[in-house]
Number of protein chains: 2
Amino acid sequence: MAVITPALGRRLPRELISAAPRRFTALPKHPGCRPAQHSRRLHTFQPLYRVTAESPLPIPSKEARTRQRYSSRRTGSAAASLIASVGLFSLFAGLFSLFEPDTAPRDNPSNTSPDDRDPELPRFRLSDVRKHDAKSDRPWITYEDKVYDITDWIPAHPGGDVILRAAGGSIDAYWDIFSIHKSPHVYEILAHYLIGYVDVADLVDGRPLPEQIEDPFNDDPPRDPRLITMTEKPRNAETPLEELTESFITPKELFYVRNHMWVPKVDDPDRYTLTVELLDGSTKEYTLDDLKTKFKPVKITAALQCSGNRRKDMTTHAQKKTNGLQWNLGAISNAVWEGVRLADVLADAGFPLEQARAGDTEARHVQFAGGESYAASIPIGPALDHRGDVLLVYAMNGAPLPPDHGFPLRALVPGHVAARSVKWLKRVVVSDEESQSQWQQKDYKLFGPNVTDPDWSQAPAIQEMPITSAITTVKLGDWAPLLPSASETKERETATKTSEPRGRRASIGGFAYSGGGRAIIRVDVSLDNGTTWDQAELLDDCAVPGPGQESPCNGHKSWAWRRWRYEGVIPLHKKEERREDGKRCSTLFVKATDEAYNAQPEGYDAIWNVRGNLANAWHRVRVCSECENNK
Amino acid sequence: MAVITPALGRRLPRELISAAPRRFTALPKHPGCRPAQHSRRLHTFQPLYRVTAESPLPIPSKEARTRQRYSSRRTGSAAASLIASVGLFSLFAGLFSLFEPDTAPRDNPSNTSPDDRDPELPRFRLSDVRKHDAKSDRPWITYEDKVYDITDWIPAHPGGDVILRAAGGSIDAYWDIFSIHKSPHVYEILAHYLIGYVDVADLVDGRPLPEQIEDPFNDDPPRDPRLITMTEKPRNAETPLEELTESFITPKELFYVRNHMWVPKVDDPDRYTLTVELLDGSTKEYTLDDLKTKFKPVKITAALQCSGNRRKDMTTHAQKKTNGLQWNLGAISNAVWEGVRLADVLADAGFPLEQARAGDTEARHVQFAGGESYAASIPIGPALDHRGDVLLVYAMNGAPLPPDHGFPLRALVPGHVAARSVKWLKRVVVSDEESQSQWQQKDYKLFGPNVTDPDWSQAPAIQEMPITSAITTVKLGDWAPLLPSASETKERETATKTSEPRGRRASIGGFAYSGGGRAIIRVDVSLDNGTTWDQAELLDDCAVPGPGQESPCNGHKSWAWRRWRYEGVIPLHKKEERREDGKRCSTLFVKATDEAYNAQPEGYDAIWNVRGNLANAWHRVRVCSECENNK
């Protein structure tokens, strides 16, 4: 019988089946229906070469047929189609969570000490395995204590060549990242390539020592200690609150980091190439030098923001769990990016820009693939629109891109969720379809507040961002009478009747941002729990600083964030007070409006979504103070 | 002394002053400081020819200088610069309310029966006045019982040639529309051109009979009686609720009407011309035939929506007055528009499209002026963007434009507030500045919920619209058990414990729309006061109806509205019930999400604005029902 993982609904690909022995022992299915005697073996592997009578041949599945078609397509294109393969990998991969890497201890280590493993298969030293690296004719990998020759699997691997990243070493660490691999279906595929076991001389408690297993994150760069680390591997870190809106342009070392995997190592940037593939499959390669010398350099000042920024806020206020890193406010930063126009490069590669702009080609999307196997796409519209300012970027704030931000080359899609500004860019593909990656087809989508188990196909990928704002600093000053501006007339009248309404002077500030290049036109602030509102001062960060100088804002639309500040007195007198632990408190609110007069939603209950994306309700900060004169 | 109306802060233009006698009696100023003896004469006119000692010469003002400069510009351009003049007119005009035409009875009629008017000035029969129409060498007008020769004033009239609309007749009705004219400042100007009085033979109670006064709306076309009239003159009428989402394409006779003035009469469409003016002042004229034959015809399916749609909803729920027509839901409609691309016409007129797209010209705005003197502008970006689909339109739903919708030519700026899709289009001007019209500089703007007396210069004109949605139909059916989909699991559990929760089956429907071509991706519906949500079905109106047929949706972006429907059971059992007049009630909510994942604000308190613009909070409808079996 075919081994099916119901969660994925996919079967063993046809090629594998024909390569494998005709009959084999049924593997455990999913945990819900696996026989008790298999329970400890779910995560361990035995060769499947033993023929049994009760296992009929698996039926080639739709999945296998799809991959076959894809394989023949690959044959037609000389260069390896990284994007397409990454795309299919993700389709194949189904759900996996990079937000919460699987760090749970393995509960079923195979106990191979003393060596009771299949005596018919050979033992290999790890030093032998290392010789079979990515450059060898027959690449090997290890998984736990087993050795696999993956030579024949590589061309069929849905994830493409990325599997070679582990060649000559252990795949364990990668599967900790791509946790979807930890399924019976994948274990079964792997089992076909088992060639032996790691020699007991290299094992401790049946496993290679951790120091023997290559850490995929070994090449990750050092980071500024001021960044607030959310996860170390992959690296996710937010800009600290106190630095967040300290400057209009975020220093590059304080720019928030959102990596889905490791940081690809670039040994020789001069030999780094970008491949551009057009609809007809034709490709053209560009070195960094080509990009820098053949095209007009362009600067764009743009904020990038993670779709999960303020997720913690949503979780807290909706009082419902959200799935993903619990970012506070700092998964947004603003920089000056320098590169060349994607449209210029596409035109150079032979893409008919004007025809495409008129809608007369099949081009609908531009797919980007990064060196670490991340991939995503954007609609063709902004990619071709001169005013869309989509760039291939090699510099940030006047210096080469830092490794964490895509060195040596990344996409910049301003006004869109940062997940489309693919880092370590290796391949650009003009296509009639979206990227099929996990990050395009899942994860970066939203559903209604009632949907807990989304059908991902039912929502479009996040592209342009909605409006948001946040309070990043609150500085409390002296006690003072309430300022009239903080209240409406009626409120003031009431207030003056209650002798001397007082509060504390406060200086607050923060950012506002909207996607699609929509300028922030107004920021409303409330110091009194949303009862009354006033307008914040929008900082004039785009002003030309002096004669002969340029505005720090580059680009055709308002791609940067807008900083704001507000001075007022937070009412903490009797009427407004709410005592907490002997303190008087008030809640500050901020909400922004963009040029399309889009407003932020008031609360989270109605925009809550299971992935906690686009948490853009009014931002609220509770401020408490000891009572004046301790009264 | 110079007569200054402090509200406007402007003085008598220099030309007027030099043309007028050197000294004259001071006219009453504004009501706040006018001498009591003048109070009854504020709205009547006396010739100012009597020289007095105490009236020094007025000092030419900045206003006069501005106008002079403008006049010399006009001289440089052969064709009358309608847009510029309309612009200046509006600057000059300051505040006037077309939303609430001044229909208050005149409180100071000059009592001229028997004829105690200045005996030194001649009397004219209205039949004499009629000879001095727009085509005569010396156009005259009457105001109340006075006759004016406006020949010398026409070139200086800030409103431009539109004043000729009244030539040969009375200006009274126009001033009821352009109520700003009813100021001492304007009365004073007019007084300089007094040449006599209407003969008593044509007066009744000191005024010409109403039937003798030309009604500016005489040429307005007949309308479909199903339209819900908000004001008759100018015509403002909304599509009735029962027809609103009955069809995807609104029949042209049911398309909502928003006229700011009268419908200009077009005697001979074959001689109708559009003037296109470029940055250098050069102009080119196009007949309708030119447009239809020289350029590629383009169809765009787009909704147009008034910025005041749902204003009544805002007024009701914010419980605060808003200034403007209290539209319900029907100031939105959807049609197929046919015309030619504005960019194509601009290019033909000599405008360097590619240079402008790259930002290398001074072009920042495209101004539109209509034949009735309405004017507005849009930023250059969407005007030049092929995907912006900005058209010059001559047909609607496959037939020539109806008179109410701009016959013979209008602008279509999809995704933008309808106020930019200028009707009866006469002139297009590429400019470095916005239209200076009332409708660009005021009215169509928003301010914070705290702002009751806005500084109009502090907000940008509404262009792209934010997201909105509405329930247009609710059909109640039988009593039934609650459908699981209407409640979340927890709610269901609670519900099943309270024996047989029941409600009434309901079929509801409506529209959702977002500006900027942002597609509607989701419509959330709540049948239980916003406690739980479910997703509505989005109608597939853009589907290709059959083989060889075309989608009814034309254009590069999602310019049309999206219709939706939802079937459910409105909970009216004990837990949810709220009895009103013996009935059980529940409130239905709808809210939409667009492709930039913009959401509607929950309520109106925080988006209330004094003009009641862009009322796009969740739409809510209270549904009540007799209890089941009268229990």
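The values are calculated or read from the model by the stated rules, or taken from the named source; none is laboratory data. Predicted model only: the values in this text are computed from it and were never measured. Here the Cβ is made from the backbone with ideal geometry for all residues, glycine too, and neighbour counts use every protein chain on show.
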By residue number, the members of the stretch B:446-467 that are buried (at least 22 other Cβ atoms within 10 Å of the Cβ) and more than 9 Å from chain A (Cβ to nearest Cβ) are B:ALA461
Please enumerate the residues belonging to the stretch B:229-271 that are surrounded by 22 or more Cβ atoms within 10 Å (Cβ to Cβ) and of a type in the set (Ser, Thr, Tyr).
B:THR239, B:THR245, B:THR250, B:TYR256
Within the stretch B:272-282, the residues that are surrounded by 18 or more Cβ atoms within 10 Å (Cβ to Cβ) and not acidic (Asp, Glu) are B:TYR272, B:LEU274, B:THR275, B:VAL276, B:LEU278
Among B:ALA104, B:ALA166, B:ALA134, which is the only one that is in contact with a Lys or Arg (Cβ under 9 Å, 6 or more places away or on another chain) and either on the phi < 0 side of the Ramachandran plot or at pLDDT 90 or above (or both)?
B:ALA134
B:ASP443 acidic (Asp, Glu) and surrounded by 24 or more Cβ atoms within 10 Å (Cβ to Cβ):
yes
Residues satisfying the stated conditions in the stretch A:323-349, i.e. modelled with pLDDT of 95 or more and over 20 Å from A:LEU244 (Cα atoms)
A:GLU338, A:GLY339, A:VAL340, A:ARG341, A:LEU342, A:ALA343, A:ASP344, A:VAL345, A:LEU346, A:ALA347, A:ASP348, A:ALA349
From B:LEU209, B:LEU278, residue being farther than 23 Å from B:GLY308 by Cβ and without any contact (Cβ under 8 Å) to a residue 12 or more places away in the chain:
B:LEU209
Given the condition in contact with a His (Cβ under 9 Å, 6 or more places away or on another chain), in the same structural domain as B:THR301 (by TED's automatic domain parsing), surrounded by fewer than 24 Cβ atoms within 10 Å (Cβ to Cβ) and modelled with pLDDT of 95 or more, answer yes or no: does some residue in the stretch B:353-364 qualify?
no
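Conditions (1) in a helix (DSSP H, G or I); (2) in contact with a Phe, Trp or Tyr (Cβ under 8 Å, 6 or more places away or on another chain), marked per residue:
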{"position": "B:ASP133", "(1), (2)": "no, no"}
{"position": "B:ASP137", "(1), (2)": "no, no"}
{"position": "B:TYR148", "(1), (2)": "no, yes"}
{"position": "B:ASP152", "(1), (2)": "no, yes"}
{"position": "B:ARG165", "(1), (2)": "yes, yes"}
{"position": "B:PRO222", "(1), (2)": "no, no"}
Would you confirm, using the coordinates I've provided, whether B:SER421 is within 18 Å of the chain's Cα centre (by Cα), closer than 24 Å to B:ALA331 by Cβ and either crowded, with 24+ Cβ neighbours inside 10 Å or within 14 Å of another protein chain (Cβ to nearest Cβ) (or both)?
yes
Might you let me know whether the stretch A:585-601 holds any residue that is surrounded by fewer than 20 Cβ atoms within 10 Å (Cβ to Cβ), at the interface with chain B (Cβ under 8 Å from one of its Cβ atoms) and touching a residue at least 12 places away in the same chain (Cβ under 8 Å)?
no
Filter the stretch A:616-631 down to residues that are in a loop (DSSP other than H, G, I, E, B), at pLDDT 95 or above and either more than 14 Å from every other protein chain (Cβ to nearest Cβ) or in contact with a strand residue (DSSP E or B) (Cβ under 8 Å, 6 or more places away or on another chain) (or both), then give me how many there are.
2
Pick from B:PRO460, B:PRO501: which is farther than 21 Å from A:ASP605 by Cα, touching a strand residue (DSSP E or B) at 6+ places or on another chain (Cβ under 9 Å) and modelled with pLDDT of 95 or more?
B:PRO460
Single condition B:VAL298 does not satisfy, out of (1) exposed (fewer than 13 other Cβ atoms within 10 Å of the Cβ); (2) in the same structural domain as B:LYS426 (by TED's automatic domain parsing); (3) among the hydrophobic types (A, V, I, L, M, F, W, C)
(1)
Residue check, A:ARG563 against (1) within 33 Å of the chain's Cα centre (by Cα); (2) of a type outside the set (Asp, Glu); (3) modelled with pLDDT under 95, all met but one. Which one?
(3)
Please verify whether the stretch B:197-213 includes one or more residues that are in contact with a strand residue (DSSP E or B) (Cβ under 9 Å, 6 or more places away or on another chain), surrounded by 21 or more Cβ atoms within 10 Å (Cβ to Cβ) and at pLDDT 90 or above.
yes
Working only within the stretch B:504-546, note down all residues that are within 18 Å of B:GLU595 (Cβ to Cβ), within 14 Å of another protein chain (Cβ to nearest Cβ), touching a strand residue (DSSP E or B) at 6+ places or on another chain (Cβ under 8 Å) and in a loop (DSSP other than H, G, I, E, B).
B:SER514, B:GLY515, B:GLY516, B:ARG518, B:ALA519, B:ALA536
Does at least one position in the stretch B:156-173 carry a residue that is touching a helix residue (DSSP H, G or I) at 6+ places or on another chain (Cβ under 8 Å) and over 23 Å from B:GLY371 (Cα atoms)?
no
